[in-house]
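Since the structure comes first, as structure tokens, the remarks are kept for the end.
The values are calculated or read from the model by the stated rules, or taken from the named source; none is laboratory data. Quick caveat: nothing in here was measured; it's all calculated off a predicted structure. So basically every Cβ, Gly included, is an ideal-geometry build from the backbone, and we count neighbours across all protein chains shown.
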């Protein structure tokens, strides 16, 4: 049944992107020899960047799916709903802080959120968790402090991530019917994991479920890494960086870079540090707030949890908020 | 039956991925892809993959025979759980890329698309002050750029002997007797790799080919490039060396 779902939306999108990159290749090189020469230079870069992202992200994805497997086996359904309270505000706030208990990055958070939805988590809490957890968790806080020291950058990163996550969570809570937002497979009463191979032992069952999920989510990680690596290998980064350094333009450039680079939130602070002396404070901050919420691989994974329109909201709302805060901070508190 | 085949392939792929990562680890080439600081996580990933594969294999063995009898009774059930073969295919991709595309760290040929900077990525202040205690001949390209980027008074550093390695890179901004001595700085993985460089002045620059790894020795001088002060080595010797095992610098 999953095959049908997966064949629907994303692969067509992927085919188009592949076609476009093929056209780009043809466009940039007139003679076949030039193509070969160019490929000889760029393919190894592509391979290295792609494997870099994949190797870096795989352990995090594994940890996320492992947590998800354990949640599936050990956590009672409906417990979450009662734990998070009834009002959508408190649910969203609790959801945003849940990362402190489940320290996951943006690769691990998607399978875990999906599992929590299956376990009856309210929409507002799930969305707030999805957006906030990659930042509001001990590992990321420590790495941000290590890079920037205790100060404005760390505090604003945490505060803005919370504000955006909770707000978007509230926006989603206005939708009363979860089936308009979530993929149908999440709502079905699952007897998905009762095939004959499922062991009796809870721990072994958790491991098997995690393995399934690793493959299911892994493909989106792979496609995301593939796209990010292709963009990096074939489009000069200098073109992007040269676009602008103004208080507004620099924010847009850094937001674009956040999508393009697709770096794990546990380490993006160190990468942002590299931009800190050439880019405005607000733009680096918005990179750190927006990057963990949206990038190529996480959007592809979001499509496994949400329908397409909600995914558009999940990308656009954080983008607009980050842009707004980044520009405001650049103009008034540089 | 299909379920069993799917599970077997799944476990097999996890095992192959495991071996793939172990090979990168053992050959030291993991540092071409990620900052060694995160190698411990890769090790953890290898462990999890191994355990998962083992559990699947042992469950396959345990349930053997039992499922064959039950297959007939569970027709519609089986039908419902068609394994998602597509998942397997996608996880094969990294293995294919890893095997088919020649493995090479980021080098001078990728500077074209990735860009190159002569000002260092900033670091937290305490590690910058530590730099002044280092012996000048042990400083890397990154160390030099950090010093020149963070200090307003550079007089104490000018004339200090430098001895550092990097790859050769040419640029039109420079004169004929100058080249860039480049290194890649990787904070997390190759995706964030940034080329940094200091300028080397060397009369025989024309004899060097781009992307060669060299050890440059000579006193450090100050030059201005694009309006900012950058370090330049007045080379007294340039020696061709092998590419180091860890080609990147890790801040």
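Set side by side, the residues A:19, A:51 differ, and just one is surrounded by 15 or more Cβ atoms within 10 Å (Cβ to Cβ), assigned to a helix (DSSP H, G or I) and modelled with pLDDT of 70 or more, which is A:51. Evaluation of residue A:316 against the conditions (1) within 17 Å of the chain's Cα centre (by Cα); (2) without any contact (Cβ under 8 Å) to a residue 60 or more places away in the chain; (3) surrounded by 21 or more Cβ atoms within 10 Å (Cβ to Cβ) shows that the sole unmet condition is (3). Within the stretch B:89-111, the set of residues being surrounded by fewer than 17 Cβ atoms within 10 Å (Cβ to Cβ) and assigned to a helix (DSSP H, G or I) comprises B:89, B:92, B:95, B:96, B:99, B:100. Using the structure shown, decide if residue B:121 is within 25 Å of the chain's Cα centre (by Cα), in a loop (DSSP other than H, G, I, E, B), facing chain A (nearest Cβ under 10 Å) and modelled with pLDDT of 80 or more. Spelling it out, it is not the case that residue B:121 is within 25 Å of the chain's Cα centre (by Cα), in a loop (DSSP other than H, G, I, E, B), facing chain A (nearest Cβ under 10 Å) and modelled with pLDDT of 80 or more.
Listed by position, the helices (runs of 4 or more DSSP H) contained in the stretch A:117-216 that have at least 3 residues being modelled with pLDDT under 85 are A:138-148, A:184-187.
Take the residues in the stretch B:168-186 that are at pLDDT 90 or above and within 14 Å of another protein chain (Cβ to nearest Cβ); name whichever of them is farthest from the chain's Cα centre (by Cα). So the residue we want is B:169. Listed conditions (1) on the phi < 0 side of the Ramachandran plot; (2) away from every other protein chain (no Cβ under 14 Å); (3) free of Cβ contacts under 8 Å to residues at least 60 places away in the same chain are all met by residue B:221, apart from (3).
Condition first: part of a helix (DSSP H, G or I), modelled with pLDDT under 85 and surrounded by 12 or more Cβ atoms within 10 Å (Cβ to Cβ). Now tell me which residues in the stretch B:133-146 satisfy that.
B:136, B:146
Taking the stretch A:280-302 as the range and being modelled with pLDDT of 90 or more and assigned to a loop (DSSP other than H, G, I, E, B) as the test, the residues that pass are A:291, A:292, A:293, A:294. Just so you know, in the stretch B:25-37 the residues that are in contact with a helix residue (DSSP H, G or I) (Cβ under 7 Å, 6 or more places away or on another chain) and either touching a residue at least 60 places away in the same chain (Cβ under 8 Å) or not in a helix (DSSP H, G or I) (or both) include one that is surrounded by the fewest Cβ atoms within 10 Å (Cβ to Cβ), and it is B:32. Looking across the stretch B:223-251, the residues that are modelled with pLDDT of 90 or more and over 18 Å from residue B:139 (Cβ atoms) come down to B:240, B:242, B:243.
Among the residues of the stretch A:220-236, those that are within 9 Å of chain B (Cβ to nearest Cβ), more than 16 Å from residue A:60 (Cβ to Cβ) and in contact (Cβ under 8 Å) with a residue 24 or more places away in the chain comprise A:223, A:226, A:229, A:232, A:233, A:234. Selection of the stretch B:10-24 for residues being surrounded by fewer than 15 Cβ atoms within 10 Å (Cβ to Cβ) and either more than 29 Å from the chain's Cα centre (by Cα) or under 17 Å from residue B:38 (Cα atoms) (or both) yields only B:23. Of the residues making up the stretch B:193-206, not a single one is modelled with pLDDT under 85, closer than 22 Å to residue A:263 by Cβ and out of contact with any strand residue (DSSP E or B) (no Cβ under 7 Å at 6 or more places or on another chain). Could you tell me whether residue A:324 is crowded, with 24+ Cβ neighbours inside 10 Å and either under 18 Å from the mean Cα position of the chain (by Cα) or in a helix (DSSP H, G or I) (or both)? Here the answer is no, as residue A:324 does not meet what is asked. For the stretch B:165-180, the set of residues classified as over 12 Å from residue B:199 (Cα atoms) and surrounded by 21 or more Cβ atoms within 10 Å (Cβ to Cβ) is empty.
Just wondering, is there one or more residues in the stretch A:236-254 that are assigned to a helix (DSSP H, G or I), modelled with pLDDT of 85 or more and under 13 Å from the mean Cα position of the chain (by Cα)? No, every residue in the stretch A:236-254 fails to be assigned to a helix (DSSP H, G or I), modelled with pLDDT of 85 or more and under 13 Å from the mean Cα position of the chain (by Cα).
Yes/no matrix, rows are residues, columns are (1) closer than 21 Å to residue A:306 by Cα; (2) in a helix (DSSP H, G or I); (3) at pLDDT below 85:
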{"site": "A:80", "(1), (2), (3)": "yes, yes, yes"}
{"site": "A:85", "(1), (2), (3)": "no, no, yes"}
{"site": "A:95", "(1), (2), (3)": "yes, yes, no"}
{"site": "A:99", "(1), (2), (3)": "yes, yes, no"}
{"site": "A:104", "(1), (2), (3)": "yes, no, yes"}
{"site": "A:114", "(1), (2), (3)": "yes, yes, no"}
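The single condition among (1) within 14 Å of chain A (Cβ to nearest Cβ); (2) at pLDDT 95 or above that residue B:215 does not meet is (1).
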